[in-house]
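Data block below; observations after.
The values are calculated or read from the model by the stated rules, or taken from the named source; none is laboratory data. Because the structure is a prediction, the values reported are computed rather than measured. Note that each Cβ is placed from the backbone with ideal geometry, even for glycine, and that neighbours are counted across all protein chains shown.
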Amino acid sequence: MTAARSGLARARRRDRRVYLRSHPFLFALLAATRGRAVRRIGRTVLVHDADAYRQVLTGLPLDRTASGTTGGAARSALRAAGHRDAGVLFDQEGAGHRAGRRALAQGLGAAGVEELRGVWRPLLARRLEPLAEGGEVDLVALAGELSGTVVCALLGCGAPPAAVAAAAADLAAASVRSELPGPRRPGAHAASARATRRLRRLLGEGDGALSAMVAVAAVNTTVAALPRAVAWCADAGLWDQAADERLRLPLVDELLRVTVASPLLPRVAAADGVVAGCPVRSGDRLLLVARHAVDAHRSDPDAERPAAPDLAHLVFGAGPHTCPGARLARLQLADVLAVLAAHRPVVVRALVDRGAALPSWRKLVVRSSVEVAR
């Protein structure tokens, strides 16, 4: 085996640990059923194929408030906390959904993201400075502070970024335990309500429901994706591509494709239909396996030979509910890789977060492999 292939195999083994140790039963179910584009198990339809995945998101009516969906979890958490303004970003349809997304788009458009870069770039320089002195950096802690800082800047919130990030992570984990597929723990709904109240107190007044869900989405996807992407670069020896301005953005797309921060999208059909030849009935649970749709389980990242954009960008969804933070996520990771490429860090410690909402590291500590000048 060549050094390059050995590095890719090492990177995939490490990333696989995130799934096997944090969501082992779900990972086993998805792996066992991926032989078909669409597979029905009782009233649950698992969707693995890219075309079928896109068809569900763009052509099948979905009940975005149903129990067991992302929107349902968000709405349940808000109501449990005593808030009735439960029409939030993930479950809205029609005029309400469009108005909410327009408001968010102003801060996440080209001009808005460039303004946010002025906030996160100094933070990156300061937090990654220890690498130049031979020190270590925990990229999970960095990702939390980075995402919390961006959320506070985007929402005009004066709360401590680390506190916002911790509250958003707690809310997501509690919501998953109380609403989404999997074992449910006693007291999960109460924990979700407490986490919701804590986050909304930190964020203050304004469009509280929308702000809370923006914080949850931004923090949890950043903390899930960024450390895993860096681990891939370190293990697979991709720092040459990260250092090359021509290849950096294609590498970002490839890393976001293989890490798939939200590897599974739970949805519920709102009407009868057919997906890839499989009849779907109203009320059926749909498990959209983004990880398989974008071929993350088989195809390694390579900026020289990237996946087609229409495939890679499925990690951000499709249709009117495509993630509005895609531009921010791509440029944020690009800036992280640009700083790290000079240090070519290696992973010295990695611990899986078994309680996180998304497959994530609890700690991912790196150290520069470049000799420090004395």
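State whether the residues of the range 254-271 include one that is surrounded by fewer than 20 Cβ atoms within 10 Å (Cβ to Cβ), modelled with pLDDT of 95 or more, not in a strand (DSSP E or B) and not hydrophobic (A, V, I, L, M, F, W, C).
Checking the range 254-271: not a single residue is surrounded by fewer than 20 Cβ atoms within 10 Å (Cβ to Cβ), modelled with pLDDT of 95 or more, not in a strand (DSSP E or B) and not hydrophobic (A, V, I, L, M, F, W, C).
Please go through the range 136-154 and give me each residue that is among the small types (Gly, Ala, Ser) and within 18 Å of Ala231 (Cβ to Cβ), ordered by number.
So in the range 136-154, the residues among the small types (Gly, Ala, Ser) come out as 141, 143-144, 147-148, 153.
Ala141, Ala143, Gly144, Ser147 - these are the residues of the range 136-154 that are among the small types (Gly, Ala, Ser) and within 18 Å of Ala231 (Cβ to Cβ).
Taking interchain pairs and intrachain pairs at least six residues apart, which have beta carbon atoms under 9 angstrom, with the first residue in the range 324-341 and touching a residue at least 60 places away in the same chain (Cβ under 8 Å) and within 16 Å of Val137 (Cβ to Cβ) and the second acidic (Asp, Glu) and surrounded by fewer than 20 Cβ atoms within 10 Å (Cβ to Cβ)?
Ala338/Glu245; Ala341/Asp240; Ala341/Asp244
Looking at the structure I just gave you, is Arg298 more than 22 Å from Ala215 (Cβ to Cβ) and without any contact (Cβ under 8 Å) to a residue 24 or more places away in the chain?
Values: more than 22 Å from Ala215 (Cβ to Cβ): yes; without any contact (Cβ under 8 Å) to a residue 24 or more places away in the chain: yes.
When the stated conditions are applied, Arg298 passes them.
Looking only at the range 119-165, count how many residues are small (Gly, Ala, Ser), under 16 Å from Lys363 (Cβ atoms) and within 21 Å of the chain's Cα centre (by Cα). Let's see the steps before the verdict.
Step one: of the range 119-165, the residues small (Gly, Ala, Ser) are 125, 132, 134-135, 141, 143-144, 147-148, 153, 156, 158-159, 162-163, 165.
Add one more test, that the residue is under 16 Å from Lys363 (Cβ atoms), and what stays is 135, 141, 143-144, 162, 165.
This time we only want the ones that are within 21 Å of the chain's Cα centre (by Cα), so: 141, 143-144, 162, 165.
Number of matching residues: 5.
Checking Val274 against (1) surrounded by fewer than 20 Cβ atoms within 10 Å (Cβ to Cβ); (2) part of a helix (DSSP H, G or I); (3) at pLDDT 95 or above, which test does it fail?
(2)
If we scan the range 298-311, do we find a residue that is in contact with a helix residue (DSSP H, G or I) (Cβ under 6 Å, 6 or more places away or on another chain), buried (at least 20 other Cβ atoms within 10 Å of the Cβ), of a type in the set (A, V, I, L, M, F, W, C) and within 18 Å of Thr222 (Cα to Cα)?
no
For the range 12-67, which residues satisfy the criterion of being surrounded by 14 or more Cβ atoms within 10 Å (Cβ to Cβ), closer than 21 Å to Trp361 by Cα and charged (D, E, K, R)?
The answer is Arg12, Arg14, Asp15, Arg17, Arg21.
Condition check: buried (at least 20 other Cβ atoms within 10 Å of the Cβ), in contact (Cβ under 8 Å) with a residue 40 or more places away in the chain and either on the phi > 0 side of the Ramachandran plot or of a type in the set (Val, Ile, Thr) (or both). Does Val365 satisfy that?
no
Residue by residue through the range 212-256, note down the ones that are in contact with an Asp or Glu (Cβ under 8 Å, 6 or more places away or on another chain) and closer than 21 Å to Asp353 by Cα.
Of everything in the range 212-256, those that are in contact with an Asp or Glu (Cβ under 8 Å, 6 or more places away or on another chain) and closer than 21 Å to Asp353 by Cα turn out to be Arg228, Ala231, Trp232.
Would a scan of the range 275-282 turn up a residue that is over 25 Å from the mean Cα position of the chain (by Cα), over 23 Å from Cys323 (Cβ atoms) and polar (S, T, N, Q)? Please lay out each step first, then the result.
Residues of the range 275-282 that are over 25 Å from the mean Cα position of the chain (by Cα), as a first pass: 275-282.
Still in the running and over 23 Å from Cys323 (Cβ atoms): 276-282.
So of that shortlist, the ones also polar (S, T, N, Q) come out as 282.
For the range 275-282, residues over 25 Å from the mean Cα position of the chain (by Cα), over 23 Å from Cys323 (Cβ atoms) and polar (S, T, N, Q): present.
Are any residues in the range 280-317 charged (D, E, K, R) and either in contact with a Gly (Cβ under 8 Å, 6 or more places away or on another chain) or not in a helix (DSSP H, G or I) (or both), and if so, which ones?
Of all residues in the range 280-317, those charged (D, E, K, R) come to 281, 284-285, 291, 295, 298, 300, 302, 304-305, 310.
Those that are charged (D, E, K, R) and either in contact with a Gly (Cβ under 8 Å, 6 or more places away or on another chain) or not in a helix (DSSP H, G or I) (or both): Arg281, Asp284, Arg285, Asp295, Arg298, Asp300, Asp302, Glu304, Arg305.
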